[in-house]
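In what follows, a single structure is set out as C-alpha cells and then discussed.
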Amino acid sequence: MPLPEGWTIADVAALNAEPSLSAVEIRRIVEGGIPAREAVAASGESLGERAGLDPEAAQAAREALADGAGSRETAAAAAARVALVSLWDKCYPASLKEIPDPPPLLYVRGRLPESPSIGIVGTRSPTPYGAEQAGRFARDLARVGLCIASGLARGVDACAHKGALAASGGTVAFLGSGLCDLYPPEHAPLADEIVASGGAVASEFPMRAAPLAKHFPRRNRLISGVSAGILVIEAALKSGSLITAGFALEQNREVFAVPGRLDHPNSRGGHALIQGGAKLVTGAEDVLDEMEPGLIARLRKRAASSGGEGAAGKATGRRNPDETKVLAALQGEDLAADEIIGRTRIPAGRVLSLLLLLELKREIVRVAGGRFARAARGG
C-alpha cells in the first residue's frame with residue numbers, strides 16, 4: 001500500500017529522525033488519518049488525541065515535521081545514493097512487517113533481498129573454529145538460495161557476509177548506525193562488496209546517526225525479523241547474539257546453534273540456547289530440515305527459475321560424507337527416498353534434508369514417480 005494521503009517520504013524521515021518517537025508511535029501518526037501539514041498546525045493535545053499519543057510525543061512529532069529534518073535526510077540520502085524505503089512501500093521486506101515494531105523507514109544501499117533469509121550472528125572475537133563455521137554455514141546456505149542476514153560487525157558477522165559472497169550468494173547487513181557513519185569503519189570495503197554483489201547494507205537510523213550502544217539491540221531485531229531463523233555461532237552468555245536469539249523467539253522464528261568446545265567461554269551462549277530448546281546444527285541440511293514447507297517451496301521455485309545460473313547452480317566445494325553416500329547410491333540408477341534410506345543407512349529425516357540440499361545445489365533431480373537421479377553435467 002502507498003503512503004497515506006498527505007504524507008511524503010520526507011515527512012516520514014522527519015519523524016524517524018526524532019529519537020524520542022518509537023516506531024509504533026510514528027506508524028500511529030502516519031496512519032492516523034491526519035495529513036502531515038495538519039499535524040504541524042494542530043496543537044499537541046489535539047494531535048495526541050487523534051493519533052493516540054501522549055502530549056509529549058505529539059509535540060515532538062509536530063516539531064520534527066516543522067523543522068526541515070525530512071528534507072535534510074532525503075538530500076543526504078540522495079547524495080550517498082541511498083534509497084529510502086518506507087513501511088508503506090511495496091518493496092519493504094514482507095517478513096519485517098510481521099514483527100511488532102517494524103521500522104517505519106529503512107535507509108538502503110543496494111537491493112533488499114527477495115529470497116528467504118537466514119540470520120547468522122555470533123561473537124566479535126571468534127576462535128578459528130567459530131570463524132570457519134560461520135563461513136561454512138553461510139556458503140552452504142547461500143548456495144541453496146538463502147540470503148545471509150547479519151550485522152557487519154567484526155568476527156562472526158563479517159565471516160558470514162564473506163562466506164555468502166564466496167558462494168556468489170545474497171547477503172544483507174543491518175547497521176547500528178547511519179549509513180554516513182558506517183561501523184566498524186574498517187568494514188567499509190566489505191559493505192561496498194556486498195552492494196556490488198547485488199546485496200544490501202541497510203539501517204533504520206538517520207544518515208548521520210552515530211553507532212551508539214543503544215542502537216545495536218534495535219538493529220538485532222531487524223536481523224531476526226527479516227529472517228526465517230537465526231543461527232548462533234559462538235556467543236558469550238551475555239551477548240548481543242543472545243539478544244538477537246531472544247528477538248527471534250518473540251517473532252516466532254527458528255533458533256539454531258552450533259556446538260563448540262565445552263571449556264571455551266565462546267561456547268556458553270550457544271550451549272545455553274541448545275539446553276533451552278534451540279536446534280543443534282552441524283550442517284546446512286540441519287537448518288533446511290527445520291524450515292517450513294512454504295519457504296522450501298520458494299527456494300525450489302527460485303532454483304527452477306534461475307536456469308542453473310544462480311547461487312544454487314554454482315555450488316562447488318567439498319561435500320560432506322552423507323552427501324557423498326547419497327550421490328553414490330544414485331550412481332547409474334533412479335531411486336525413491338526410502339530406497340536411498342535403506343542403501344545409505346542414514347536416518348530418514350536427514351536423508352530428506354540431504355535430498356533437498358542436493359536438489360537445490362543441482363546435483364540431483366526429481367524424475368517420474370517422485371524418484372531421484374544424479375543430475376546430468378553439461379560439458
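What follows is calculated from the coordinates using simple rules that are stated; it is not laboratory data. A quick note: this is a predicted structure, and the numbers were derived from the prediction, not measured. Note that we place each Cβ from the backbone using ideal geometry, even for glycine, and neighbour counts take in every protein chain shown.
For the pair Glu49 and Ala80, the difference between a 0.36 nm per residue extended length and the Cα-Cα distance amounts to 7.4 nm. Label zone (Glu98, point 7 Å along Cα-to-C-beta; backbone nitrogen cut-off 20 Å) within segment 246-261: 246-257. For the peptides 35-48, 141-154, the ranking by packing is 141-154, 35-48, with the highest mean count of neighbouring Cβ atoms within 10 Å listed first. With neighbours defined as other Cβ atoms within 10 Å of a residue's Cβ, the residues Leu65, Leu182, Leu262 order from fewest to most as Leu262, Leu182, Leu65.
Among Ala248, Ala134, Ala23, the largest mean-square fluctuation in a Gaussian network model of the chain, built with springs joining Cα atoms closer than 10 Å, belongs to Ala23. Running a GNM on the chain with Cα contacts under 10 Å, which residue among Thr123, Thr171, Thr324 ends up with the highest mean-square fluctuation? Comparing Thr123, Thr171, Thr324 in a Gaussian network model of the chain, the most mobile one is Thr324.
Ordering Lys90, Lys162 by the number of other Cβ atoms within 10 Å of each residue's own Cβ, fewest first, gives Lys90, Lys162.
Between Ser20 and Ala337, the simple label model (points 7 Å from Cα in the Cβ direction) yields a spacing of 5.8 nm. Residues considered: Ala200, Ala173, Ala348. Largest GNM mean-square fluctuation over the chain, using C-alpha springs under 10 Å, is found at Ala348. Charge dipole of segment 111-289 (Cα centre as origin; +1 on each Lys and Arg Cβ, -1 on each Asp and Glu Cβ, all else neutral): 400 debye, rounded to the nearest 20. Ordering Gly270, Ala131, Pro19 by Cα displacement along the dipole of the chain toward the positive end leaves Ala131 in first place; charges were set at the Cβ atoms of Lys, Arg (+1) and Asp, Glu (-1).
Spin-label model, Glu193 to Val367: label points 7 Å out along the Cα-to-beta-carbon direction sit 4.1 nm apart.
Rg and Dmax of the chain, based on Cα coordinates, read 22.8, 78 Å. Hey, for a label at Glu186 modelled as a point 7 Å past Cα toward Cβ, could you say which residues of segment 153-180 have their backbone N under 16 Å away? Zone members listed by number: 153-160, 162. From helices alone, the chain scores -13000 deg cm²/dmol at 222 nm; the rule is -39500 (n - 2.57) for each run of n ≥ 4 DSSP H residues, then divide by the residue total.
How many percent of DSSP beta bridges within the chain run antiparallel, rounded to 5?
Close to 40 percent.
Given +1 at the Cβ of Lys and Arg, -1 at the Cβ of Asp and Glu and no other charges, the dipole of the chain around its Cα centre is 1380 debye to the nearest 20. Candidates Gly349, Pro2, Leu299 compared by Cα position along the dipole of the chain: farthest toward the positive end lies Gly349, with charges placed on Cβ. Listing Ser168, Ser71 from fewest to most neighbouring C-beta atoms within 10 Å gives Ser71, Ser168.
So, with +1 on the Cβ of K and R and -1 on the Cβ of D and E, and no other charges, what is the size of the charge dipole of segment 9-108 about its Cα centre, to the nearest 20 debye?
440
Globularity index of segment 318-379 is 1.01 (Cα radius of gyration / 2.2 N^0.38 Å, N = number of residues).
Pairs from the list Lys162/Lys361; Lys279/Lys325; Lys90/Lys162; Lys97/Lys214 with a Cα-Cα gap above 26 Å: Lys90/Lys162.
Once fully extended, how much extra length lies between Leu280 and Ser71, figured as 0.36 nm per residue of separation less the alpha-carbon to alpha-carbon distance?
Full extension from Leu280 to Ser71 adds 70.4 nm.
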